[in-house]
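Written below as structure tokens is the structure these notes are about.
The values are calculated or read from the model by the stated rules, or taken from the named source; none is laboratory data. Only a predicted model underlies this, so the values are computations on that prediction, with no experimental measurement involved. Glycine gets a Cβ as well: all are built from the backbone with ideal geometry, and neighbour counts include every protein chain shown.
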Amino acid sequence: MSAPMTGRKAFLQMLWSDNPVFCQILGICSALAVTNRVVNTLVMGLGLIFATALGTLTVSLLRDITPRRVRMMTQILIIAAYVIIVKLFLDAFLPDISKQLGAYVGLIITNCIIMGRCEAFAAQNKPWPSFLDGAGAGIGYTLVLLVIALVREPLGMGTLCNVPIMPAWWTPWNLMIIAPGGFFMLATLVWIIRSRGAAAPGARAS
Amino acid sequence: MRERLHVIGFMLVMTIVFGGMVATVNAFLKERIERNRKVASYRAILEAFGTLKVDDERGAIEIVELYEKSVRQEGVDTDALFVLSSEPRKQAFYLVGDAYWGPLKGVMAVDLDTKKVLGIAFIDHTETPGLGARIDEPEFRNQFPGLSYAKKKTDGERLTFVASGTANSDEQQVDMITGATETSRALAKIIQRNLTAFLEKAGVE
């Protein structure tokens with residue numbers, strides 16, 4: 001086993017060299033579904049950052065007393081609790097956005113990124129680095145999704161943050177609103193980033 | 001055996017702790033969430049009548065006030081009828097049914113004298129964001145105000161959903177949403193069923 005990861009290093013890796021979306025290719029379905037609007041993407045991202053950071057922190061705090069056989073059950077329980085709390089807050093304070101995000105907030109529970117960070121990092125590392133790793137994963141995810149949304153919303157709906165920005169003669173590209181448009185945008189982004197030499201999965205030293 | 005007990009005990013404690021955490025947050029926010037639901041319902045009814053514009057920025061309290069001033073409810077639950085107090089021939093009813101992905105609940109308001117739709121609004125549905133969920137958008141909903149429902153077509157249908165861009169409002173037609181065919185079809189059926197039931201109750205042919 002190599003030297004323990006510092007929190008700062010873990011955080012920074014999550015943003016670029018081991019980014020959950022374009023390096024590990026995780027969290028894809030929500031990446032496709034919510035990115036047709038920037039505001040929704042932002043809210044979704046914040047919810048995920050909250051759930052992931054607190055989830056990894058909690059898993060790490062409990063790592064020494066969690067029996068190995070129920071490791072995953074415990075992780076799901078913790079993640080589910082935080083995600084439900086996010087949903088409750090959204091329903092209470094941002095009901096319109098909550099309605100637009102629909103099932104995808106609840107689906108954060110099944111998002112591979114969170115379970116991945118809990119299992120691959122938080123279960124073996126100290127609380128503060130785990131928190132930073134989780135927060136970094138969430139932020140890395142959110143940044144990638146924002147880039148995609150910043151292209152999909154203007155092209156697909158003619159608006160940015162629900163403010164019309166395209167000139168009157170612009171015909172919205174319906175393709176950008178539906179899932180295949182998200183696929184194309186994501187694939188294009190991964191291609192561009194990988195050809196700039198960014199890490200492929202497995203490049204991160206364990 | 002000892003280990004097994006430890007595992008079970010651990011899971012029990014975890015469940016109680018985290019379940020308790022969620023339950024506590026829920027208890028604090030329950031009232032607010034309920035109020036949001038009520039306001040969403042009122043807003044939909046007011047929007048269907050046209051009393052409230054789609055992008056109206058009024059807050060929750062004002063909406064409740066406006067609703068209590070303008071609308072009278074007759075009947076309860078899904079059979080409820082909403083009457084505009086100032087013009088009782090303008091009435092609204094719930095649109096309830098199964099859309100493509102799950103249950104849908106909305107409101108449709110009509111003018112019984114002119115036999116035209118006043119508007120449509122949605123309270124709850126689980127259609128795909130960006131696709132079926134676009135029924136919420138002004139572009140789709142704005143097809144309904146002023147749309148006649150007077151003529152009953154050969155198959156009993158009043159409002160027909162047709163391919164996007166080809167709708168003729170004189171023929172009582174509505175544009176479907178591109179990429180959301182199933183949601184559009186399901187909505188057409190829901191509207192047909194609820195509109196027919198409402199007209200029967202109102203004593204219209």
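One residue alone among A:Leu175, A:Leu101, A:Leu189 is surrounded by fewer than 20 Cβ atoms within 10 Å (Cβ to Cβ) and either touching a residue at least 24 places away in the same chain (Cβ under 8 Å) or part of a loop (DSSP other than H, G, I, E, B) (or both), and that residue is A:Leu189. Checking each residue of region A:46-62 against the condition of being touching a Leu at 6+ places or on another chain (Cβ under 8 Å), in contact (Cβ under 8 Å) with a residue 40 or more places away in the chain, more than 10 Å from chain B (Cβ to nearest Cβ) and under 24 Å from B:Glu127 (Cβ atoms) gives at least one match.
The set of residues in region A:81-100 being more than 7 Å from every other protein chain (Cβ to nearest Cβ) and among the polar types (S, T, N, Q) consists of A:Ser98 alone.
Selection of region A:110-143 for residues being β-branched (Val, Ile, Thr) and in contact with a Gly (Cβ under 9 Å, 6 or more places away or on another chain) yields A:Ile113, A:Ile114, A:Ile139, A:Thr142. What do you reckon, is B:Asp113 out of contact with any helix residue (DSSP H, G or I) (no Cβ under 9 Å at 6 or more places or on another chain), modelled with pLDDT of 85 or more and of a type in the set (Asp, Glu)? So B:Asp113 fits the description; yes.
Could you run through region A:110-129 and say how many residues are touching a residue at least 40 places away in the same chain (Cβ under 8 Å) and over 13 Å from A:Val59 (Cα atoms)? Total satisfying the criteria: 3. Within region B:178-198, being at pLDDT 90 or above and crowded, with 18+ Cβ neighbours inside 10 Å holds for B:Thr183, B:Ser184, B:Ala186, B:Leu187, B:Ile190, B:Ile191, B:Gln192, B:Asn194, B:Leu195, B:Phe198.
Just one of the listed residues (B:Ala133, B:Ala150) is outside any loop (DSSP other than H, G, I, E, B) and either surrounded by 15 or more Cβ atoms within 10 Å (Cβ to Cβ) or at pLDDT below 90 (or both), and it is B:Ala133.
Within region A:135-172, no residue satisfies the criterion of being crowded, with 16+ Cβ neighbours inside 10 Å, under 20 Å from the mean Cα position of the chain (by Cα) and not in a helix (DSSP H, G or I). The set of residues from region A:63-80 being aliphatic (A, V, I, L, M), more than 9 Å from every other protein chain (Cβ to nearest Cβ) and without any contact (Cβ under 8 Å) to a residue 40 or more places away in the chain comprises A:Ile76, A:Ile79. Selection of first residues in region B:135-153 that are more than 24 Å from B:Asp113 (Cα to Cα) and of second residues that are part of a loop (DSSP other than H, G, I, E, B) and of a type in the set (Val, Ile, Thr), restricted to Cβ pairs under 8 Å at least 6 apart or on distinct chains, gives the following pairs, ordered by first then second residue: B:Ile135/B:Ile177; B:Pro138/B:Val54; B:Phe140/B:Ile177. Looking for something farther than 30 Å from B:Ala133 by Cα, touching a Gly at 6+ places or on another chain (Cβ under 7 Å) and modelled with pLDDT of 90 or more - is there at least one such residue anywhere in region A:150-172? No, region A:150-172 contains no residue that is farther than 30 Å from B:Ala133 by Cα, touching a Gly at 6+ places or on another chain (Cβ under 7 Å) and modelled with pLDDT of 90 or more. If the condition is being of a type in the set (Ser, Thr, Tyr) and free of Cβ contacts under 8 Å to residues at least 40 places away in the same chain, then region B:162-183 contributes B:Ser164, B:Thr166, B:Ser169, B:Thr178, B:Thr181. Residues being more than 9 Å from chain A (Cβ to nearest Cβ) and either touching a helix residue (DSSP H, G or I) at 6+ places or on another chain (Cβ under 6 Å) or β-branched (Val, Ile, Thr) (or both): count how many of those fall in region B:123-139. Adding up the residues that qualify gives 3.
Please find, among B:Tyr67, B:Tyr100, the residue that is under 19 Å from the mean Cα position of the chain (by Cα), under 18 Å from B:Asn36 (Cβ atoms) and at pLDDT 90 or above. If you could, list the steps in order and put the result at the bottom.
Details: B:Tyr100 fails: under 18 Å from B:Asn36 (Cβ atoms).
Result: B:Tyr67 is the single residue among B:Tyr67, B:Tyr100 that is under 19 Å from the mean Cα position of the chain (by Cα), under 18 Å from B:Asn36 (Cβ atoms) and at pLDDT 90 or above.
Does B:Arg141 count as under 30 Å from A:Val38 (Cβ atoms), over 11 Å from the mean Cα position of the chain (by Cα), basic (Lys, Arg) and crowded, with 16+ Cβ neighbours inside 10 Å? Lay out the reasoning, then the answer.
Working: under 30 Å from A:Val38 (Cβ atoms): yes; over 11 Å from the mean Cα position of the chain (by Cα): yes; basic (Lys, Arg): yes; crowded, with 16+ Cβ neighbours inside 10 Å: yes.
Yes; evaluated as a whole, the condition is true for this residue.
For B:Gln192, state whether it is more than 14 Å from chain A (Cβ to nearest Cβ) and either charged (D, E, K, R) or in contact with a strand residue (DSSP E or B) (Cβ under 6 Å, 6 or more places away or on another chain) (or both). Talk me through it step by step, then tell me what you get.
Values: more than 14 Å from chain A (Cβ to nearest Cβ): yes; either charged (D, E, K, R) or in contact with a strand residue (DSSP E or B) (Cβ under 6 Å, 6 or more places away or on another chain) (or both): no.
Answer is no for this residue.
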